[in-house]
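Student: Following this message is one structure expressed as structure tokens.
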Amino acid sequence: MGQFLTWYLIIINIYGFFMMFYDKKMAEKDKWRVEEKTLFTIAAIGGALGIFAGMYTFKHKTLHASFVVGVPCLFLLNLVCLYLIYRYTTM
């Protein structure tokens, strides 16, 4: 399970990072955008670190209070979930 979880987290965070890049490029071109609920969903299911890194790497959504507060909160929730998974699967 540990190897699967590790790969899952790597992939979901890379995906989140590149979704922020893609959304930023679409915003610059005034084209179709990624919905905010999609970005928050990615963050909630383990990709908060990737979304957070993408926010500040690409200077995207950094003025939106919902992202500035919400993504770090989801990252903390991700950490709590990982701790609980680790704790209850190694017993």
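The values are calculated or read from the model by the stated rules, or taken from the named source; none is laboratory data. Worth saying up front: this structure is predicted, and the values here are computed from it rather than measured. As a convention, Cβ positions derive from the backbone with ideal geometry for all residues, glycine included, and neighbour counts pool all protein chains shown. Protein only, heavy atoms only, side chains kept; ligands, DNA and RNA dropped before computing areas. Shrake-Rupley method; radii C 1.70, N 1.55, O 1.52, S 1.80 Å.
Student: Out of the residues in the range 1-37 that are open to solvent by less than 80 Å² (accessible area, probe 1.4 Å) and among the β-branched types (Val, Ile, Thr), which is farthest from the chain's Cα centre (by Cα)?
Tutor: Thr6
Student: Name the one entry in Phe75, Phe52, Phe40 that is surrounded by 15 or more Cβ atoms within 10 Å (Cβ to Cβ) and either touching a Cys at 6+ places or on another chain (Cβ under 7 Å) or free of Cβ contacts under 8 Å to residues at least 24 places away in the same chain (or both).
Tutor: Phe52
Each row is one residue, and each column tells you yes or no for (1) basic (Lys, Arg); (2) closer than 28 Å to Tyr86 by Cα.
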| residue | (1), (2) |
| --- | --- |
| Asn13 | no, yes |
| Thr41 | no, yes |
| Gly47 | no, yes |
| Ala53 | no, yes |
| Lys61 | yes, no |
| Ser66 | no, no |
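Student: Further question on the same structure: So which of Lys59, Lys37 ends up being over 15 Å from Ile14 (Cβ atoms) and part of a loop (DSSP other than H, G, I, E, B)?
Tutor: Details: Lys37 fails: part of a loop (DSSP other than H, G, I, E, B).
Among Lys59, Lys37, only Lys59 is over 15 Å from Ile14 (Cβ atoms) and part of a loop (DSSP other than H, G, I, E, B).
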